[in-house]
Amino acid sequence: MAHAVLLTGESGVGKKTLARYFAQALLCEKGGDGPCGQCRGCRRFLARTHPDAVFPAPLPKEKTIRIDSLREMIENLSHHSLEGGRRVIVIENAERMTPQAQNCVLKTLEEAPEDVYFLLTCDVESALLPTVRSRCRIVRVQPWPGERIKRALLGQGVPPDRAETLSRYCEGSLGRALQMQQDESYWAAREAVQKTFLSVAGQKDIAAAVQALQNQRDQGDRLLDIMEQEVRALLHGKATGASGAGADFPPLWQEASEKSLCRILEAILTFRRQRGANVNFAAAADHFMQIIVEETKTWQA
């Protein structure tokens, strides 16, 4: 194993879990391909009491990892391991290190003591100094396949209908899926999208939909986010033939053409810009609904 490994990827794909797994394996006294979970080294690591496992983190009430938090750790690396074996430094959210802290770590990465291993995680690879990245073996943790996320959610007791929805819209992040599952306001917003944007089938429906949006204008951006997510998923499904795409849409939307869906996406972006420019909300919502009605007429023709 390389003396320094950088795990990168989207938030919630399991970088920290993987880093801790590697760290536990390095400290496992059985010396197998993975941690045994039973030896003294594994038990102490899991209890966060292993003296040779270090987790630098921001000081209380701070968001960044400062150089002062690392100096003592770096100094201790010049001494022998307390357990007489390997030492592991796990820096989670390494992008939180200040430039000074990164340069401090860099010096150790360039001349790492024997049996000292660094495991870093970060969401955005470019947030770290190029010199730090160049000293690490980079492992890009990929998003999870939808079916695997669905199985994991079902295994944790998530209702099947929610597991199906989350697996499509969490962008391959199990962590994000679990957060969405616990956020009841997210499900309320999805229901609002169903009752407003997706329920409009003709001119007679517009006034009621606009009024419903007016009542929820404080979360207008979130409703637009969900609507955009839904339309993009349906468009992707039509373009690729992916199964399950558009399952949350009314039957009428299943007939939508790719061209119409692209026009609706453009209308969503226009609605966003109008909100940012403080255009009258009711007028912007009415204009958006009119576009939906115009496009649905082409599906029914």
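Figures for the structure shown
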{"read-out": "The listed residue being of a type outside the set (Val, Ile, Thr), out of contact with any Gly (no Cβ under 9 Å at 6 or more places or on another chain) and either touching a residue at least 12 places away in the same chain (Cβ under 8 Å) or not in a helix (DSSP H, G or I) (or both), out of Glu75, Glu95, Glu83", "value": "Glu95"}
{"read-out": "Subset of segment 29-43 that is modelled with pLDDT of 90 or more and of a type in the set (Lys, Arg) - its residue that is surrounded by the most Cβ atoms within 10 Å (Cβ to Cβ)", "value": "Arg43"}
{"read-out": "Within segment 44-89, tally of residues that are more than 21 Å from Thr108 (Cβ to Cβ), surrounded by 13 or more Cβ atoms within 10 Å (Cβ to Cβ) and charged (D, E, K, R)", "value": "1"}
{"read-out": "Residue within segment 237-244 that is touching a Lys or Arg at 6+ places or on another chain (Cβ under 8 Å) and buried (at least 16 other Cβ atoms within 10 Å of the Cβ) present", "value": "no"}
{"read-out": "Matching residues in segment 189-209 - criterion: being within 17 Å of Asp221 (Cβ to Cβ) and of a type in the set (Ser, Thr, Tyr)", "value": "Thr196"}
{"read-out": "Odd one out for Ala207, checked against (1) surrounded by 15 or more Cβ atoms within 10 Å (Cβ to Cβ); (2) more than 28 Å from the chain's Cα centre (by Cα); (3) part of a helix (DSSP H, G or I)", "value": "(1)"}
{"read-out": "Criterion (under 25 Å from the mean Cα position of the chain (by Cα) and loosely packed, with under 13 Cβ neighbours inside 10 Å) met by exactly one of Leu269, Leu224", "value": "Leu269"}
{"read-out": "Breaking point among (1) in a helix (DSSP H, G or I); (2) closer than 25 Å to Thr165 by Cα; (3) out of contact with any Phe, Trp or Tyr (no Cβ under 7 Å at 6 or more places or on another chain), for Ala201", "value": "(1)"}
{"read-out": "Residues of segment 153-184 satisfying the condition of being in a helix (DSSP H, G or I) and within 12 Å of the chain's Cα centre (by Cα)", "value": "Tyr169, Leu174, Gly175, Arg176, Ala177, Leu178, Gln179, Met180"}
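For (1) more than 19 Å from Asp225 (Cα to Cα); (2) at pLDDT 95 or above; (3) among the hydrophobic types (A, V, I, L, M, F, W, C), each residue gets a yes or a no:
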| residue | (1), (2), (3) |
| --- | --- |
| Thr165 | no, no, no |
| Arg168 | no, no, no |
| Ala188 | no, no, yes |
| Ala207 | yes, no, yes |
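The values are calculated or read from the model by the stated rules, or taken from the named source; none is laboratory data. Source: prediction; values computed, not measured. Here Cβ is always computed from backbone atoms with ideal geometry, including for glycine, and neighbour counts include all displayed protein chains.
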